[in-house]
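Below you'll find the structure, written out as structure tokens, and then a few comments.
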Protein chains: 2
Amino acid sequence: MQSRTPASRTGRPRSAAADAAILAATREALVELGWSKLTLGDVASRAGVAKTTLYRRWAGKNELVVDAVAELFDELELPDRGSLAADVEGVVLQFAALLSRPEARSGLMAVVAESTLDEALRERIRVSIVERQKRLVHTGRARAQHRGELPPEPDPDEAARTVGLIFDMVAGAVVHRTLVSGQPVDEEWLHGFTRVLLSGLVTAGTGP
Amino acid sequence: MQSRTPASRTGRPRSAAADAAILAATREALVELGWSKLTLGDVASRAGVAKTTLYRRWAGKNELVVDAVAELFDELELPDRGSLAADVEGVVLQFAALLSRPEARSGLMAVVAESTLDEALRERIRVSIVERQKRLVHTGRARAQHRGELPPEPDPDEAARTVGLIFDMVAGAVVHRTLVSGQPVDEEWLHGFTRVLLSGLVTAGTGP
DNA sequence: CGTATTACGCTACGGCTCGTAGCGAAAGCG
DNA sequence: CGCTTTCGCTACGAGCCGTAGCGTAATACG
């Protein structure tokens, strides 16, 4: 999180409950107010803490929202559904469900927008959110290779690049569908996406 | 744009030059300040107009930035490069170049974030930005079908769905790569993406 | 148990931005 | 030349920001 505990052994410790209350209040405020109308004073009163307490832990709105949103991504899992196609559909559905929540929608896009002029914030997003999701792609890919559905990749650099590519294609498509195009990830879109991702545009005319 | 000219024939007409100056000043302020620190008073003084003039034309920051960003997408074109793969790479490169500009990065993501709680803004984005880009997918797809690279699709509904799917996959991947993952669309990524999009994950191991 | 140290809640403050109102001047239209 | 609308300017109350200062609460240490 935000707390750096390098050398502070003595004194009153920071309340962990306050941390949780503040992050929950931030998500609640994101749902009701959105990013631009969210004020730190409002978050503080929702959480039942003083505004100064909030400023002691986070530098500003950006950092606070990144942490509040990052917690949401801990819920993502990748159960083994038996095939690559089923695994892809599973993770897409989970990600789409996550992005259907207003706190994720407005929070995620807002901090990404802010990160364009803030290198530290971009790094914070990369560590807290991006890398946290990539592990799903890693395990799914490893499973598919173990099943023989995907060829093994001996070169670790090439493997990392491929994982990044797949991650951007899957997460990017879902994000763009739900947030930019503003349409739901229904079953029809889900199957179409999986078919194109696995078989490609050329070979996937109208499907099986 | 924002101007509704249903019935106003008499009186002093609005300055078209002021419109252009305001939108240009908005993009300039987006580059230097980003979304959150951009103030309408600053935009007004950059554009050389009074703040009140700005408020007479746009309801607020959101609507202004949507219009300012939408103009950027007019630059996108789709020259015929002879093959589907080349056309895809061409449009991806153009889109990536657009997203490398700070005014597009911060502006686009910010208004998308704001649109999660604002239905009117979402519709404005859909009309001004999303549909404006889909035409590229339409023409590219029609070209590929004419070349025989893609099978024809007689059902117009199914064709529209496919265009939407491809659009979300292409634009989404580029957006996610550049803004969320925060890495450049270099030649290696470009070729990998095109290969997976056209041939699929399964058939595209490490191929040519 | 007492003391040092840190976190906490509260209040108050200057500074900035917002969005609007009111005014006189300017610019087209008939 | 009048009518109408836009324009630039100034001013205003309201709200939020981020910080300072203070007294109090909670823990670690001796």
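Of note:
- Inter-chain Cβ neighbour average for residues A:100-113, partner chain, 10 Å: 5
- Protection proxy ranking of B:127-136, A:175-184, by the mean of other Cβ atoms within 10 Å over each peptide's residues and highest first, is A:175-184, B:127-136.
- q = 0.15, 0.19, 0.24, 0.32 Å⁻¹: log10 I(q)/I(0) that the Debye formula gives for region B:16-57, counting C-alpha atoms only: -0.29, -0.46, -0.71, -1.13
- 0 to 90° range, to nearest 10: angle between helix B:84-99 axis and chain B longest Cα axis: 30 degrees
- Global form of the protein assembly as shown, assessed from the alpha-carbon gyration tensor, a/c cut-off 1.5: oblate
- Per-peptide average of other Cβ atoms within 10 Å, ordering A:13-19, B:30-36 highest first: B:30-36, A:13-19
- Degrees, to the nearest 10: A:102-114 long Cα axis against longest axis of chain A: 80 degrees
- Here the peptides A:187-196, B:60-69, B:141-150 are ranked by packing, the mean other Cβ count within 10 Å, and the order with the highest first is B:60-69, A:187-196, B:141-150.
- Within the same chain, lysines fewer than 8 places from B:LYS134 are excluded, and of the rest, those with a Cα less than 26 Å from its Cα are B:LYS61.
- Dimensions in Å of region A:69-203 - Rg and Dmax from alpha carbons: 15.3, 44
- Note on A:GLU119/A:HIS146: beta-carbon distance plugged into 1/(1 + (r/R0)^6) with R0 of 41 Å gives a FRET efficiency of 0.60.
- Spin-label model, A:ALA17 to B:ARG9: label points 7 Å out along the Cα-to-beta-carbon direction sit 7.2 nm apart.
- For peptide A:141-152, the mean count of partner chain Cβ atoms within 10 Å of a residue's Cβ comes to 1.
- Shielding by partners - mean other protein chain Cβ count within 10 Å, residues of A:186-198: 3
- Percentage of interatomic Cα-Cα distances in region B:1-125 larger than 20 Å: 51 percent
None of the figures in this text is laboratory data; all of them are computed from the coordinates on show. Since the structure is predicted, the reported quantities are computational estimates derived from the model, not experimental observations. Neighbour counts are summed over all protein chains in view; Cβ atoms, including those assigned to glycine, are modelled from backbone coordinates with ideal geometry.
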